[in-house]
C-alpha cells in the first residue's frame, strides 16, 4: 500500500546537465575564450586589475531576438570602453516572483505567451547563452535562483548573483562555494548587511553537502562578494543603501570579518531606485563621486548592476514591443549608451 501523501505530480524525468551539455556542446575555442574572460574578471575582484565591471542588461531575458540585438549593440560599445570597463551582460533566464505567481522567466516559459515547458526552457536558455558567447564574445551573468540547475549553464556563465530572497538559504550558500566564478550575494530585503556578509563567509569556506544526489565537497569561492540592492522596511517603503555612509559602513564590516577580496557591486535599480528606472543614472553618478572621495570606497566598489534593454520602461506580456521589459522597467538603449560613456569617463 502506498502511504505517500505528497501532492506532487511527477510529469517526466528531465535530462541531467551532462546530457544537455552533450546534446548542445560548446567548442574548444569557445571554452578557451570563456576561460580567458573568467581570468580577466577574476583579476578585477582580486584587485590586480582596476577595470570597472558593468553587469548590465534586461530585468529578464524574455525573448532571444531582442536580447541578441541588445548584445550586438553592447558589444560595439564594449569595444570603445574596453580599457576602462568590462561588461558582463545580464541574461537572466529565471525570475523570482514575490508571490510565486506570474512570469518566471525563459526557463519556465521559452515563449511568455505559451504554457510553461521546463525541458524546452532548459534547452532555450542554454542556446541563448551559447549564442551570446559565440556571436558577441560575451560570457554572461544569470541569477542562481535554483542552485541545482547551475550545472546546465556552468560552462557558459562568468557571473552569478544570489537574490535578496535566497541569500539566507543554506543550499545557495553551499553551492556558491563550489562554482569557481564570481558570485554576488545581495543584501536581504530587510537590508541587514550581517546576513549578506555571513553568506559571503559561508560561500568563501570549504563545504561538504548533498548536491544533485551526490555527496560533494568544495574548496570555497574567494570571489564571492556583496551586492547592495537597497531594502524594504516594515511599512513596505524602499530604503537605498548606495550612499557614501552605507559604503563606508560596509567597508568597516567587511574588514571586521576579515573576508577575502573585499568587493561590492552596487545595484542601481530595485530598492535602491524604488524601481524608478531613470534614477539609475543619478545613482551611478553618485556612487562614482563617492569612489573619487574615498580610496576605501574606490577599492571596494568594483562595479554596477544596471537594468537596461532596447526600450525605456516596461510592458505587459502580449503587448509586443520589441526589446521592452515584461518585468521591471529598464533604461532604454540611448540612455544606456550615454550612461556607459559617462561611467567610463569617471573610472
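Restricting to segment 271-304, name every residue that is in a helix (DSSP H, G or I), in contact (Cβ under 8 Å) with a residue 60 or more places away in the chain and buried (at least 21 other Cβ atoms within 10 Å of the Cβ). The answer is 271, and nothing else. Can you tell me which residue among 88, 125 is surrounded by 21 or more Cβ atoms within 10 Å (Cβ to Cβ) and over 24 Å from residue 221 (Cα atoms)? Of the residues listed, the single one that is surrounded by 21 or more Cβ atoms within 10 Å (Cβ to Cβ) and over 24 Å from residue 221 (Cα atoms) is 125. Scanning segment 330-347 for residues that are crowded, with 21+ Cβ neighbours inside 10 Å and outside any helix (DSSP H, G or I) returns 330, 331. When residue 307 is tested against the conditions (1) touching a strand residue (DSSP E or B) at 6+ places or on another chain (Cβ under 8 Å); (2) more than 20 Å from residue 42 (Cα to Cα); (3) in a helix (DSSP H, G or I), the lone failure is (3).
Within segment 233-249, the set of residues being touching a helix residue (DSSP H, G or I) at 6+ places or on another chain (Cβ under 6 Å) and under 25 Å from residue 160 (Cβ atoms) comprises 238, 240, 242, 247. In summary, residue 95 fulfils each of the numbered conditions (1) within 16 Å of the chain's Cα centre (by Cα); (2) in a loop (DSSP other than H, G, I, E, B); (3) modelled with pLDDT of 95 or more with the single exception of condition (3). Taking the criterion of being buried (at least 19 other Cβ atoms within 10 Å of the Cβ) and farther than 22 Å from residue 306 by Cα, would at least one residue in segment 180-196 satisfy it? The answer is no, given that none of the residues of segment 180-196 is buried (at least 19 other Cβ atoms within 10 Å of the Cβ) and farther than 22 Å from residue 306 by Cα. Would you confirm, using the coordinates I've provided, whether residue 168 is over 16 Å from the mean Cα position of the chain (by Cα) and under 25 Å from residue 252 (Cα atoms)? Yes: the conditions hold for residue 168. One residue stands out among those in segment 247-268 that are free of Cβ contacts under 8 Å to residues at least 60 places away in the same chain and under 18 Å from residue 306 (Cβ atoms): the one that is surrounded by the fewest Cβ atoms within 10 Å (Cβ to Cβ), which is 264. Scanning segment 184-219 for residues that are part of a strand (DSSP E or B) and touching a helix residue (DSSP H, G or I) at 6+ places or on another chain (Cβ under 8 Å) yields 185, 186, 207, 209, 211, 218.
Residues that are part of a loop (DSSP other than H, G, I, E, B) and in contact with a strand residue (DSSP E or B) (Cβ under 7 Å, 6 or more places away or on another chain) were ranked within segment 224-234; the one that is surrounded by the most Cβ atoms within 10 Å (Cβ to Cβ) is 229. Within segment 15-35, can one find any residue that is closer than 24 Å to residue 344 by Cβ, free of Cβ contacts under 8 Å to residues at least 24 places away in the same chain and over 19 Å from the mean Cα position of the chain (by Cα)? Within segment 15-35 (the criterion being closer than 24 Å to residue 344 by Cβ, free of Cβ contacts under 8 Å to residues at least 24 places away in the same chain and over 19 Å from the mean Cα position of the chain (by Cα)), the answer is no, since none of the residues qualifies.
The values are calculated or read from the model by the stated rules, or taken from the named source; none is laboratory data. Because the structure is predicted, anything quoted here is derived from the model rather than measured. Backbone-built Cβ (ideal geometry, glycine too); neighbour counts: all protein chains shown.
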